[in-house]
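To start, the structure itself, in structure tokens.
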Amino acid sequence: MAQSNPAVGIRIKNLNLFYGDFQALKNVNLDIYNKEITAFIGPSGCGKSSLLRCLNRMNDLIEGCRIEGSVTIDGQDIYKDIRDVSLLRRKVGMVFQKPNPFPMSVFDNVAYGARALGIRRKSELAAIVEESLMQAAMWDEVKDRLHKSAFALSGGQQQRLCIARALAIRPEVILMDEPTSALDPISTGKIEDLCDRLKKDYTIVVVTHNMQQAARISDKTVFFLLGEIIEADETDKIFTNPAHRQTERYISGRFG
Amino acid sequence: MIRIAYENELKELKLETIRMSAACEGMIRRSIDALVNRNHAEAQAVIESDKEVDEYERAIEKKCLRLFLRQQPVAKDFREVSAILKMITDLERIGDQAADISEIMLSIDKDEKYIKKLVHIPKMAENAIGMMHESMTSFINEDLEQAKRVIDADDEVDELFRVVREELVELIKKNADNAEQAIYLMMIAKYLERIADHATNIAEWVIFCATGQKP
């Protein structure tokens, strides 16, 4: 039986990133595959979040930040070929460490992106909101309080709402920067289940400090150290038999 | 260095496994000595030793499960703890089989002469003990090549078993009175052949430990 190999969705080539004089990423080369979960792991300050933020040009906002090399998504160099960053961010959604719902209703949070794209028809917006909340596995929990403030939701629900908000603009890629580090184990479990369901339709890149989480949910794992990729491979391989001693020492908690 | 307690637990686990293996080796050696020298007291002692091996298995198994639960070992630690958890099952079986050999020996009447000279059976035991010893040494030294040699060595034990079997068949054909003892000796040879298989399994887990792949 022919096995379908996942296609490369994001190709990072010879990427260097500087914050002023400090080089945060050194000659990074990495392929991220479509419809898989890729986990970035490594100690604090290793560059994993910096690389994540390169993938939707979040670093553009940081003063003194300079980037060399290329990031190609769907064959387009996102630094050279895409002028309008908002077009890129439609394609590449992001979820942050702390849930950050907007100070508005559940409905308006999810509809925000669609409205920004010019969609005005109520029925269309309602359909997008419902579908996104369904995809984020929280429709049943919030369908009766769509017009209540998003701040009334629990932390875990707020985070799933943020995922629903990211899904509403129908991105291809979802970036998650430690999406469960502020959540309890039940909410964490829900987000992890959600990631597993979402990877059928989306490419997911997740930064996590939780090694067991990387082992549980990701297909590929990338280990960073001091701005460099030390090892990138199948998650099972990384956690069973990593090729590099530094990876071994980090994942087994012996780093230091 | 961090996780010192964890490191110590892993070290202790490995040591316990080596001790268990040494106890099993001793049981085979003593069971064959008892057989050759018709030493009933020694055979009885071997049967008693099996309890010690069972105790090792329970204690090591508990430690492995506890490590999985509390430390979630990964990478080399994961390979090592899983390999040990599998190895001790083979070691426990080896202990049982050494005890079985002694029980069979006790079933042969003290005054009854052996129907054949015991040459191949002690040779099988020697080879099986050698294989066990080598598999454990390869585990300690993480020596992949040595582990592979253990697996290859199994053929020789199988060949010795074939020789013993043919010899015993001939003895039964020659004189039906030989049948009872021949069957006992046949069972002993079979146990030794199985012990060599368990040593082979252990060597395969050593290879898993080193490479993450079972051969």
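In the stretch B:1-38, of all residues being within 13 Å of chain A (Cβ to nearest Cβ) and outside any helix (DSSP H, G or I), the one that is nearest to B:Asp50 (Cα to Cα) corresponds to B:Arg3.
Each residue in the stretch A:203-234 was checked for being within 19 Å of the chain's Cα centre (by Cα), hydrophobic (A, V, I, L, M, F, W, C) and more than 9 Å from chain B (Cβ to nearest Cβ), and 11 of them qualify. Per the listing B:Lys214, B:Lys110, B:Lys116, the residue uniquely assigned to a loop (DSSP other than H, G, I, E, B), modelled with pLDDT under 95, in contact with a helix residue (DSSP H, G or I) (Cβ under 9 Å, 6 or more places away or on another chain) and closer than 30 Å to B:Lys76 by Cβ is B:Lys214.
For the stretch B:137-148, check the following and say yes or no: at least one residue is of a type in the set (Val, Ile, Thr) and either outside any helix (DSSP H, G or I) or closer than 20 Å to B:Ile104 by Cβ (or both). Among the residues of the stretch B:137-148, not one is of a type in the set (Val, Ile, Thr) and either outside any helix (DSSP H, G or I) or closer than 20 Å to B:Ile104 by Cβ (or both), which makes the answer no.
Being over 12 Å from B:Val74 (Cβ atoms), modelled with pLDDT under 95 and among the aliphatic types (A, V, I, L, M): is that true of A:Ile191 here? Against the criterion (over 12 Å from B:Val74 (Cβ atoms), modelled with pLDDT under 95 and among the aliphatic types (A, V, I, L, M)), A:Ile191 qualifies.
Taken over the stretch B:88-144, the criterion of being basic (Lys, Arg) and within 21 Å of B:Ala182 (Cα to Cα) is satisfied by B:Lys110, B:Lys113, B:Lys116, B:Lys117, B:Lys123.
Can you tell me which residues in the stretch A:84-111 are among the hydrophobic types (A, V, I, L, M, F, W, C), at pLDDT 95 or above and surrounded by fewer than 18 Cβ atoms within 10 Å (Cβ to Cβ)? Residues satisfying the conditions are A:Phe102, A:Met104. All of B:Val81, B:Val46 fail the test of being surrounded by 21 or more Cβ atoms within 10 Å (Cβ to Cβ), within 14 Å of chain A (Cβ to nearest Cβ) and not small (Gly, Ala, Ser), apart from B:Val81.
Of the candidates B:Ile207, B:Ile202, the single residue that is surrounded by 19 or more Cβ atoms within 10 Å (Cβ to Cβ), over 21 Å from B:Leu106 (Cα atoms) and within 14 Å of chain A (Cβ to nearest Cβ) is B:Ile207. Right, B:Ile94: within 17 Å of the chain's Cα centre (by Cα) and away from chain A (no Cβ under 14 Å) or not? So B:Ile94 passes the test. From the list A:Lys190, A:Lys237, A:Lys200, the one residue that fits, being away from chain B (no Cβ under 11 Å), within 26 Å of A:Ile73 (Cβ to Cβ) and either in a loop (DSSP other than H, G, I, E, B) or of a type in the set (Lys, Arg) (or both), is A:Lys200.
Among the residues of the stretch A:109-130, write down those that are over 19 Å from A:Ser86 (Cβ atoms) and touching a residue at least 24 places away in the same chain (Cβ under 8 Å). A:Val129 - this is the single residue of the stretch A:109-130 that is over 19 Å from A:Ser86 (Cβ atoms) and touching a residue at least 24 places away in the same chain (Cβ under 8 Å).
The values are calculated or read from the model by the stated rules, or taken from the named source; none is laboratory data. All figures in this text were calculated on a predicted structure; none of them were measured in a lab. Cβ: placed from backbone, ideal geometry, glycine included. Neighbour counts: every protein chain shown.
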